[in-house]
Amino acid sequence: MPVKQLLVGSLALNDTVYADGRTRMAAPGGNALYAAAGANLWSSHTGISAVVGFDWPAKYTAALSQSRIDTDGLVYKNAETMRAWTVYEQSGYRRYFSRNREMIPLTPSPYSSAPVNPKDVTAYSEAARQIHLRCSPLPQELPNHLWQTLHSLHLCPMRLETILAWLDFLQDKPDIFVSVDILPYPLNGNLDDPHLRHLLRRTNAFLPSELEAESLLPGYAPETFFREIAARGPEIVIIKQGERGAAVFDRTENRFSQIAPYPARVTDLTGAGDSFCGGFSIGYSLTQNAIRAAQYGAASASFIIEGFGGLHALNISPTQAEQRLANLPQPKG
């Protein structure tokens, strides 16, 4: 099948500790995997682009290959896969601790084996940067044939320089619809940062979470945030709101809407936002309607959170997906 929608980001091995004491080790994850799994529910023309490390189990790649997801965009490197502890608190708050070898002795904490000093913090930041750069693909690493049929592309969270590299590459490909998930932290609190303006100029849809929206415009009112972002480029702005669903603004129709979530049976919240974005990306390609596309995203997220990792959603049939989409509450607004 030709690839029409490409989901770009990272693969990861997740070691998770849940608030009730359960643990799960080396589960397949990463934002690209969750986004691709969310998109795969709706299309047989989905592709994934991410870096595959030497320690990434081959059975996980085989599971992707055996589904409808095209894996020609995977980039193989002789490097360690991104890996982290994820610790869930009773409140639902999540903490992340890198398990990559170069990061373990540098993780800043006043309660670690050795006291932290400013030099350690600087070394930690640089090590994190290098891990994220090596674990993210670049557009020049993809085979040429993928660009020949591509209609839409979603960029999952990556380092700012990586996202900008993708957007620069796409400048001469205006027909590809581009959506971007969350904004890199260096841009927080400054809507007029030149990097942010450059990013938003080539972005058709911008989909931050509530926390990212708050960091960009502290104390924001949703309508103000939507209009400020849309004025800088994207015709569609969506704030992902977790258990409350998503708020949507379509600049071309000057319309605000509220998308309710599906009442899923929650097993693991990891990857909900990424799968929402994957579902939205495909939904917009299919419908050219921002509100309907956000409903595709809500349905995708509801399937992801009902199991562990992203691969379980590959077993969902198109009929199951369409039924859930049809049973979503009607949008407001």
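The values are calculated or read from the model by the stated rules, or taken from the named source; none is laboratory data. Computed from a predicted model, the values in this text were never measured in an experiment. FYI the Cβ positions are ideal-geometry reconstructions off the backbone, even for glycines, and counts take in every protein chain you see.
Going through Asp20, Asp55, Asp15, Asp70 one at a time, which residue ends up being buried (at least 23 other Cβ atoms within 10 Å of the Cβ) and of a type in the set (Asp, Glu)?
Result of the check over Asp20, Asp55, Asp15, Asp70: Asp70.
Could you list, in sequence order, the residues of the range 213-254 that are basic (Lys, Arg) and modelled with pLDDT of 95 or more? Within the range 213-254, Arg227, Arg232, Lys240, Arg251 meet the criteria.
Please report, ordered by residue number, the strands (runs of 3 or more DSSP E) entirely within the range 1-118 with at least 3 residues that are touching a Lys or Arg at 6+ places or on another chain (Cβ under 9 Å).
Details: elements: 5-8, 12-17, 23-29, 46-49, 82-88, 94-98.
Strands (runs of 3 or more DSSP E) meeting the threshold: 12-17, 82-88.
Within the range 255-271, does at least one residue satisfy the condition of being closer than 16 Å to Ser179 by Cα and either modelled with pLDDT of 95 or more or not acidic (Asp, Glu) (or both)? No: the range 255-271 contains no residue that is closer than 16 Å to Ser179 by Cα and either modelled with pLDDT of 95 or more or not acidic (Asp, Glu) (or both). Scan the range 114-145 for residues that are among the small types (Gly, Ala, Ser) and surrounded by fewer than 16 Cβ atoms within 10 Å (Cβ to Cβ) and jot them down. Hits for the range 114-145 are Ala114, Ser125.
Identify, by number, the condition in (1) free of Cβ contacts under 8 Å to residues at least 60 places away in the same chain; (2) touching a strand residue (DSSP E or B) at 6+ places or on another chain (Cβ under 8 Å); (3) among the small types (Gly, Ala, Ser); (4) under 30 Å from Asn14 (Cα atoms) that Gly271 doesn't meet. Here Gly271 meets the rest and fails (1). Considering every residue within the range 281-290, establish whether at least one is within 18 Å of Ile48 (Cβ to Cβ) and out of contact with any strand residue (DSSP E or B) (no Cβ under 7 Å at 6 or more places or on another chain). Yes, because at least one residue in the range 281-290 is within 18 Å of Ile48 (Cβ to Cβ) and out of contact with any strand residue (DSSP E or B) (no Cβ under 7 Å at 6 or more places or on another chain).
Taking residues in the range 306-330 that are touching a residue at least 24 places away in the same chain (Cβ under 8 Å), and partners anywhere that are part of a loop (DSSP other than H, G, I, E, B) and of a type in the set (S, T, N, Q), the pairs with Cβ atoms closer than 6 Å and at least 6 places apart or on different chains are Glu306/Thr267; Gly307/Thr267; Leu314/Ser67.
Scanning the range 120-172 for residues that are charged (D, E, K, R) and within 22 Å of the chain's Cα centre (by Cα) yields a total of 6.
Annotation: of all residues in the range 88-110 being out of contact with any Ser or Thr (no Cβ under 8 Å at 6 or more places or on another chain) and touching a residue at least 40 places away in the same chain (Cβ under 8 Å), the one that is farthest from Ile305 (Cα to Cα) is Arg99. Inspection of the range 291-299 finds a residue satisfying the criterion of being more than 23 Å from Arg22 (Cβ to Cβ), of a type in the set (Lys, Arg) and free of Cβ contacts under 8 Å to residues at least 12 places away in the same chain.
Of a type outside the set (A, V, I, L, M), assigned to a helix (DSSP H, G or I) and farther than 23 Å from Lys332 by Cβ, is that true of Thr203? Spelling it out, it is not the case that Thr203 is of a type outside the set (A, V, I, L, M), assigned to a helix (DSSP H, G or I) and farther than 23 Å from Lys332 by Cβ.
Scan the range 219-258 for residues that are exposed (fewer than 15 other Cβ atoms within 10 Å of the Cβ) and under 22 Å from the mean Cα position of the chain (by Cα) and jot them down. Within the range 219-258, Glu243, Arg244 meet the criteria.
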